[in-house]
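Comments concern the structure below.
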Amino acid sequence: MGKGSVNRPRNVGGPTYREWEVDREWGPVEYEQEVKAAWRRFRQWLGDRVDALDGGIRIAWGVDLEHYADVYADARSGVSVSTASGRIDGEFARAECDKVAALVVGELRQHVPHPTFLQVEGAEWTDPLAPAARPDLDVEPVEPLAVSVRSADHLQELVEDAVEQLTDEPLIHDRHGDVTMRAGWTVLFISVADDDPVVRLEAHLVKDVRARERLGFELNRLNTVYPFTFLYEDGLVKMVERVVAQPFAPAQLRSVVAEMLVSAEEVSEALAARLDGMELLATERPVRLVPSLRPTLPDPHSSLLTLVELLHAGVPTPAEVAQLFGRDRGLLTQQIGVLRDSGVVCPVDLQPAGLRVMRQALHVVVAAEAAEAAHDAQPGRRRGSQQLTLLPDEETLDGGVWDAS
């Protein structure tokens, strides 16, 4: 498989539809808007139908209706869903009817260009809001700047409507119902929190990291350059972001998602090479790069090694750390750089606390030096002479005449 993207920000200036699918009088934007609106109406209808379902529904398509999605529920149990492809096969709570609808529609859109091609058994599906033969081209739907979120399901629907505009392909969901978008060999997961109006964005970049001694340096470098948070968790290097969504701003979320997709594809290949790892969807390791961004660092000082051991028991005070380094401003500054950039001196989870207390200790040392300088500069205060006497103690300038008298 070539290094392409299934879900990527599209070139909005070019054609985004196949001519044989569209009446020549329709423009690409109007056609896409009508298709997306039809699928939204079908998803809303299916969610409402599943919520009140007592029995089964089969949604089928294809020449011989060989593709299908079965949804079954009764008053005593939850909702079960299965598809011919096997990609969806599980049990859901009755309260998750909107998630069931989103998963089924995501599966349908992989194969069916428009919901009017579907055949529904066990329920009657009609689209009373379907447009006429051609839409009114003079009227364009206006997206609201912000929307008040009512529930997690409502936020999920708003998120999908917003990010859908970033891709020409149908949105893909994982088994948890999260939206997944591919960027190169990486995947961005978009999920909605259950208890707070928050959208979580998590790009999985690199797996199977072998050069773990470089993790601290590489993560610090990326966190300095990019506006997102890079971390190592569950054996993966991830890029994460949280977007507060009360109220929900569609344009804001789209801009963050688009930037994360570009950033993920931008850093993943070189990062995998430097860490001797693999991009999430890759099947082989890239040629490892010779580290060129890492400066030549001095060896860790014994005071720094002592501090790392102390951090395992707790964070010492800034005054204690200043004393540990002999209140040497130059040494503290040098060893802060060693701890920050080496990636091998300190465990990754203790490094932030170590850097913070060392910088506080540096502030203690500088403040003490400033106070001493201010004290010495007070008016009327003379410093004691450090000049040595030019004559031995037993000799005087008068040769002893004054003593004789």
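The values are calculated or read from the model by the stated rules, or taken from the named source; none is laboratory data. Note that the structure is a prediction, hence the values are computed from the model and not measured. Neighbour counts are summed over all protein chains in view; Cβ atoms, including those assigned to glycine, are modelled from backbone coordinates with ideal geometry. Areas reflect the complete protein model, heavy atoms only, side chains present, ligands, DNA and RNA absent. Shrake-Rupley method; radii C 1.70, N 1.55, O 1.52, S 1.80 Å.
Assigned to a loop (DSSP other than H, G, I, E, B) and in contact (Cβ under 8 Å) with a residue 40 or more places away in the chain - does that describe any residue in the range 229-241? Talk me through it step by step, then tell me what you get.
Within the range 229-241, the subset assigned to a loop (DSSP other than H, G, I, E, B) is 234-235.
Filter once more, keeping what is in contact (Cβ under 8 Å) with a residue 40 or more places away in the chain: none.
The answer is no, given that none of the residues of the range 229-241 is assigned to a loop (DSSP other than H, G, I, E, B) and in contact (Cβ under 8 Å) with a residue 40 or more places away in the chain.
Residue by residue, here is whether (1) modelled with pLDDT of 80 or more; (2) out of contact with any His (no Cβ under 8 Å at 6 or more places or on another chain); (3) under 30 Å from Phe230 (Cα atoms); (4) not charged (D, E, K, R) holds:
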{"position": "Leu297", "(1), (2), (3), (4)": "no, yes, yes, yes"}
{"position": "Ser303", "(1), (2), (3), (4)": "yes, yes, yes, yes"}
{"position": "Val308", "(1), (2), (3), (4)": "yes, yes, yes, yes"}
{"position": "Pro316", "(1), (2), (3), (4)": "yes, yes, yes, yes"}
{"position": "Leu332", "(1), (2), (3), (4)": "yes, yes, yes, yes"}
{"position": "Val338", "(1), (2), (3), (4)": "yes, no, yes, yes"}
{"position": "Gln360", "(1), (2), (3), (4)": "yes, yes, yes, yes"}
{"position": "Asp398", "(1), (2), (3), (4)": "no, yes, no, no"}
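Sort out which residues of the range 260-269 are surrounded by fewer than 17 Cβ atoms within 10 Å (Cβ to Cβ) and at pLDDT 90 or above, and write them in order of number. Before you say what the answer is, go through the steps one by one.
At the first step, the residues of the range 260-269 found to be surrounded by fewer than 17 Cβ atoms within 10 Å (Cβ to Cβ) are 262, 266.
Matches in the range 260-269: Val262 only.
Of all residues in the range 296-324, which are open to solvent by 70 Å² or more (accessible area, probe 1.4 Å) and either in contact with a Ser or Thr (Cβ under 9 Å, 6 or more places away or on another chain) or not in a helix (DSSP H, G or I) (or both)?
Our first condition is that a residue be open to solvent by 70 Å² or more (accessible area, probe 1.4 Å); within the range 296-324, this holds for 296, 299, 302, 305, 309-310, 312-313, 315, 320, 323.
Correct list: Thr296, Asp299, His312, Ala313, Val315.
Restricting attention to the range 164-186, report how many residues are open to solvent by less than 30 Å² (accessible area, probe 1.4 Å), more than 17 Å from Gln110 (Cβ to Cβ) and outside any loop (DSSP other than H, G, I, E, B).
3
With of a type in the set (A, V, I, L, M) and either more than 22 Å from Leu350 (Cβ to Cβ) or surrounded by fewer than 15 Cβ atoms within 10 Å (Cβ to Cβ) (or both) as the only criterion, which of Val240, Val209, Val256 stands out?
Details: Val240 fails: either more than 22 Å from Leu350 (Cβ to Cβ) or surrounded by fewer than 15 Cβ atoms within 10 Å (Cβ to Cβ) (or both); Val209 fails: either more than 22 Å from Leu350 (Cβ to Cβ) or surrounded by fewer than 15 Cβ atoms within 10 Å (Cβ to Cβ) (or both).
Being of a type in the set (A, V, I, L, M) and either more than 22 Å from Leu350 (Cβ to Cβ) or surrounded by fewer than 15 Cβ atoms within 10 Å (Cβ to Cβ) (or both) holds for just one of Val240, Val209, Val256, which is Val256.
Hey, which of the strands (runs of 3 or more DSSP E) in the range 1-83, taking only ones fully inside, have at least 2 residues that are surrounded by 13 or more Cβ atoms within 10 Å (Cβ to Cβ), out of contact with any Leu (no Cβ under 6 Å at 6 or more places or on another chain) and modelled with pLDDT under 80? Steps first, answer last, please.
Values: elements: 55-61, 67-73, 79-83.
Once the strands (runs of 3 or more DSSP E) in the range 1-83 are filtered for at least 2 residues that are surrounded by 13 or more Cβ atoms within 10 Å (Cβ to Cβ), out of contact with any Leu (no Cβ under 6 Å at 6 or more places or on another chain) and modelled with pLDDT under 80, what remains is 67-73.
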